[in-house]
Amino acid sequence: MSKNQPTSTNDTMQKIVALCRRRGFIFGSSEIYGGIGGFWDYGPLGVELKRNVKEAWWNDMVRNPPPGPDGTEYQMVGVDCSIIMNPKVWEASGHVGGFSDPMVDCKECKARFRADKLWVPMHSVFHNVPPNYSSWVLHDANCAEADSVQEAQEYLGTDPSREVQERSGGKKVTLEAHRFLDLCKMQQQLIEQQSSPSSARRRSPSEGSLNDAFFLAHRDWMTQLGCPACKKRGKLTEPREFNLMFETFVGALQDSTSKAYLRPETAQGIFANFKNVMDSTRVKIPFGIAQIGKAFRNEINPRNFTFRSREFEQMEIEFFCHPDTSRMWYEFWRDVRIKWYESLGIKSEKLRPREQDEDDLAHYSDACTDIEYLFPFSDEPQELEGVAHRGDYDLKAHGKSAKGKENAFAVIDDATHERFVPHVIEPSAGVDRFTLASITEAYTYDENRASPEFMKFHPRLAPIKAAVFPLVAKDGMPEIAEPIFRELKKHFPCQYDAKQSIGKRYARMDEAGTPFCFTIDGQTKDDGTVTVRNRDDASQIHIDKSKCLEYLRDQLGL
RNA sequence: GCGGGCGUAGCUCAAUGGUAGAGCAUCAGCCUUCCAAGCUGAAUGUUACGAGUUCGAGUCUCGUCGCCCGCUCCA
């Protein structure tokens, strides 16, 4: 094994990051000023790659979507919505209230916890919790074991003035019972009034649904809880809000009335335009609205190269269908999306659809599948895309918030005259995540090659499709090569290079992931053939110099 | 956000508190008839940033920023 060969997953990731930077795929943003965490720039090769990702998606999902289940016809249309929207959008969607993580720190051991995780555990000692509690109460590892009254008391503190005896289902619980019951009731209300489809999409109903009123009511009490890490009491700070939305101001005046947000997801722009699209395009259920665009989340701790960035791009479809067919469409899109990744060179063994447990789902949601990919930086597959069954939640939420009626955005079936609010299936993919996946998937190390590192991009994604080289820059070879290059570049992104040794030029193309190189050599003048060099196995064949474009089209399948 | 580690040329790294260097990569020229070859030359730095100690700081001290690792977090 060569000493430069990657030896660990982390080593591989470092080499990939280095190659991305060296060859102009991805740079850290604002590097000349020391950089800024969570923001990335795409260089000359990276922007071609990322455009190819987006164009493949737009072409395959919007302009030429696959036939539906049982050959069902459906329409797909696109939109491109503004990044900044009326803040009411984010109130209706639940992001303003719910798109934040209230956190507490332990002053003793410096550990940090989500505030809601501290009190959820305590409910596990009650058996009169609502049935749907049982599953998510055990969500927290600390509490899964907290089945004894004593352990519950650990959390509550032992101040006698706080203790109240509560008999419940034969179990005698000694703690501040009325507070406890308040919590139970409040939490039940929060679940029933759950108004945050997005925040609830991947969180259990108990999490992230806390609002200011809750903290105002229980602020003092919560700081008395024991720290789950070091078990010391009274060391926790008050819960603090960590809102993940970027704020800005519209207009010159910077006050609360001008506050606005950079969108944390592109989906809401589609919902907000649902009626506009319906009224202007003659689409009929079932149909989809697609959008590619930037979104912003002020992540606490961006990591793993571009995987978790603060500014990122999404490719989202909101597919509207009749409630009776929603399950079918959900399964359809889940399968379509997995196949799409495979069609672009992602090996199926590195892809994993992970269906969320029914217990984890929000109460209005029928299903959600994360399509995950095994990146080199992790032992566990990480989310590339979420295919969510959102039910009629979003349209009803906006209908109620904007028009005062839940069914304001209902549609009418012409045949049956049935009036209904469509259900929504949402395949939501991360452009940067798949771009990164295509990079890590393409990265190949073969110590037997003169240039061991090369990028085995799928032809559709390769930033440069071909290069044209004169073997040496004399003997009339450049004069033959240049016209071939000029012809090819009309149809494909191509490069011409006559400098330095042929091996070095091949190596550079290997790192850029260029599938084919056409080399004009001495034989070209004799019999009119050029050498085609294949990136993946460095093999060579001869074809007539007039057939380069035809050969490329054939091989690339484009 | 916490703890630990690290910041010198594009990359990998040198330089006892005393003139900031090498290899690779890049560029130019020559050479070269298929895989990062060779020769000659060139360019490349406010040593992350900012203070302090010192006659003198890449080197010692402090702060800031960034990156990496581990926690934490990831609607």
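In plain terms, the C-alpha convex hull of the range A:475-551 casts an average shadow of 4.9 nm² when viewed from every direction.
Computing Rg and the Kirkwood Rh from the Cα coordinates of the range A:279-426 gives a ratio, Rg/Rh, of 1.01. Cross-linked pairs A:Lys50/A:Lys294; A:Lys54/A:Lys400; A:Lys259/A:Lys396: Cα-Cα separations exceed 23 Å for A:Lys54/A:Lys400; A:Lys259/A:Lys396.
Taking a ≥ b ≥ c as the square roots of the eigenvalues of the Cα gyration tensor, an a/c ratio of 1.5 or more together with a/b no larger than b/c marks the range A:463-520 as oblate. If the segment from A:Lys347 to A:Ala408 were pulled out straight at 0.36 nm per residue, it would be longer than the present Cα-Cα gap by 17.5 nm.
For A:Val47 and A:Asp255 in the same chain, what is the full-extension length gain: residue separation times 0.36 nm, less their Cα-Cα distance, in nm? Could the numbers behind the result be given before it?
Working: separation 208, 0.36 × 208 = 74.88 nm, distance 3.74 nm.
Length gained between A:Val47 and A:Asp255: 71.1 nm.
With a 10 Å radius around each residue's Cβ, average the other Cβ atoms per peptide and rank A:378-388, A:410-420, highest first.
Working: A:378-388: 18.8, A:410-420: 11.5.
Packing order, densest peptide first, comes out as A:378-388, A:410-420.
Under the simplified labelling scheme, the A:Ser451-A:Arg21 pair shows an inter-label distance of 2.1 nm, with each label point 7 Å from Cα along Cα→Cβ.
Between A:Trp58 and A:Lys400, how many nm apart are label points set 7 Å from Cα along the C-beta direction? Here the modelled spin labels are 3.6 nm apart.
Just check the range A:402-525 against the gyration tensor rule for me: Cα atoms, a ≥ b ≥ c as the square roots of the eigenvalues, rounded for a/c under 1.5, and otherwise prolate or oblate depending on whether a/b exceeds b/c. Mind dumping the intermediate values first?
Working: a/c = 5.08, a/b = 2.68, b/c = 1.90.
In terms of gyration-tensor shape, prolate.
In terms of packing, defined here as the mean over residues of other Cβ atoms within 10 angstrom, the peptides A:530-542, A:500-512 line up highest first as A:500-512, A:530-542. Across the range A:500-509, rounded Karplus estimates of 3J(HN,Hα) from the backbone phi angles (6.51 cos²θ - 1.76 cosθ + 1.60, θ = phi - 60°) give 6, 5, 5, x, 5, 5, 4, 4, 5, 5 Hz, Gly and Pro being marked x.
Ranked from highest to lowest mean number of other Cβ atoms within 10 Å per residue, what is the order of the peptides A:78-84, A:320-326, A:478-484?
On the way: A:78-84: 14.6, A:320-326: 18.7, A:478-484: 17.0.
Descending packing order for the listed peptides: A:320-326, A:478-484, A:78-84.
Taken together, the values in this text are just the output of simple stated rules run on the coordinates, not laboratory data. All of these numbers come straight from a predicted model, not from anything done at the bench. Heads up, the Cβs are rebuilt from the backbone with ideal geometry, glycines too, and the neighbour counts pull from every protein chain shown.
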